[in-house]
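See below for the structure under consideration.
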Amino acid sequence: MDTLAVTPGGAPAMWTSKFHIVPHLRSIVCGTGFDGAFVGEWFLKVNSMLGVGDVVDLDLYAQKGLRALAAEKYSSRFPAGRTLTIYHFGIDSEDVMTGYAYRSTSGFASERFPLSGIGVKPQVVTPPDCDLDHDAEAIMVAQREAQLARPESERIHIGGDVWVCHLRREGFFTYKAASFADKEETFLRMLTRLRDSKRGR
């Protein structure tokens, strides 16, 4: 993941974490889309759910819970052209690695998929021998370059740091792989925006 969150207009807003580790479920909650805070709020709900033992149990509650959170935040209507996708990656009670996707475009219906190999979003071509320990930075740079070529209204903004989280049967391994070259410049833009907004009050 990268760590950049932007305003609706695309200006740098803050640094944030886009995946959340849930050790007691041997799972990771993450997401993409226009509202990064939604992912964090969903993580808090997941972390306090009763009767959930693994990622499969969590799926039984996810569709209804995500719909309820969306209705609470957006009165059942998302801003025009804006979408959200929540992902759960986890190891079930039978020790099988499994992933689920919940897309706002389908009413957060459950989509189960096996976990194998490396998947990236936004999509870019990765070599067959891709290794996240060595290629994470290159992948995210390629993602960023591809997004910068898209119209502003369709662009996914990427910046800050590059973080990797390995989900393993014995636990999690999370580390910072790199920082984008313009991280300091982006941070200064955040501070300038904050200063200007305070002056405008």
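Contact map, the range 139-163: residues that are within 15 Å of Ala5 (Cα to Cα) paired with residues that are among the basic types (Lys, Arg) and part of a helix (DSSP H, G or I), Cβ distance under 9 Å, separation 6+ or inter-chain. Pairs shown: Ile156/Arg144; His157/Arg144; Ile158/Arg144; Gly159/Arg144; Gly159/Lys183; Gly160/Lys183; Asp161/Lys183.
Close Cβ contacts (under 8 Å, 6 or more residues apart or on different chains) running from residues in the range 6-19 that are modelled with pLDDT of 90 or more to residues that are among the hydroxyl-bearing types (Ser, Thr, Tyr) and not in a strand (DSSP E or B) comprise Pro12/Thr186; Ala13/Thr7; Trp15/Thr3; Thr16/Thr3; Ser17/Thr3; Lys18/Thr3.
Is it true that Arg82 is closer than 30 Å to Phe180 by Cβ and charged (D, E, K, R)? When the stated conditions are applied, Arg82 passes them. When every residue of the range 57-75 is checked against the conditions, at least one turns out to be in contact with a Gly (Cβ under 8 Å, 6 or more places away or on another chain), crowded, with 19+ Cβ neighbours inside 10 Å and at pLDDT 95 or above. A count restricted to the range 139-157 and to residues that are assigned to a loop (DSSP other than H, G, I, E, B) and among the β-branched types (Val, Ile, Thr) stands at 1. Per the listing Arg169, Arg155, Arg195, the residue uniquely in contact with a helix residue (DSSP H, G or I) (Cβ under 7 Å, 6 or more places away or on another chain) and modelled with pLDDT of 80 or more is Arg155. Of Gly90, Gly81, all but one fail to be touching a residue at least 60 places away in the same chain (Cβ under 8 Å) and part of a strand (DSSP E or B); the exception is Gly90. Within the set of pairs 6 or more residues apart or between chains, which connect a residue that is under 17 Å from Phe43 (Cβ atoms) inside the range 60-75 to a residue that is assigned to a helix (DSSP H, G or I) and open to solvent by 90 Å² or more (accessible area, probe 1.4 Å) with Cβ atoms less than 9 Å apart? Pairs that qualify, where the first residue is under 17 Å from Phe43 (Cβ atoms) and the partner is assigned to a helix (DSSP H, G or I) and open to solvent by 90 Å² or more (accessible area, probe 1.4 Å): there are none. Can you tell me which residues in the range 165-201 are of a type in the set (Lys, Arg) and either within 26 Å of Gly31 (Cα to Cα) or surrounded by 12 or more Cβ atoms within 10 Å (Cβ to Cβ) (or both)? Passing the criteria: Arg168, Arg169, Lys176, Lys183, Arg189, Arg193.
Scanning the range 31-56 for residues that are open to solvent by 20 Å² or more (accessible area, probe 1.4 Å) and touching a residue at least 40 places away in the same chain (Cβ under 8 Å) gives Thr32, Gly33, Phe34, Asp35, Gly53, Val56.
The values are calculated or read from the model by the stated rules, or taken from the named source; none is laboratory data. Note that this is a predicted model, so its numbers are computed, not measured. Please note: Cβ atoms are built from the backbone with ideal geometry, for glycine as well, and neighbour counts cover all protein chains shown. The protein model used for the area step is the full one, side chains on, heavy atoms only, and it has no ligands, DNA or RNA in it. Shrake-Rupley method; radii C 1.70, N 1.55, O 1.52, S 1.80 Å.
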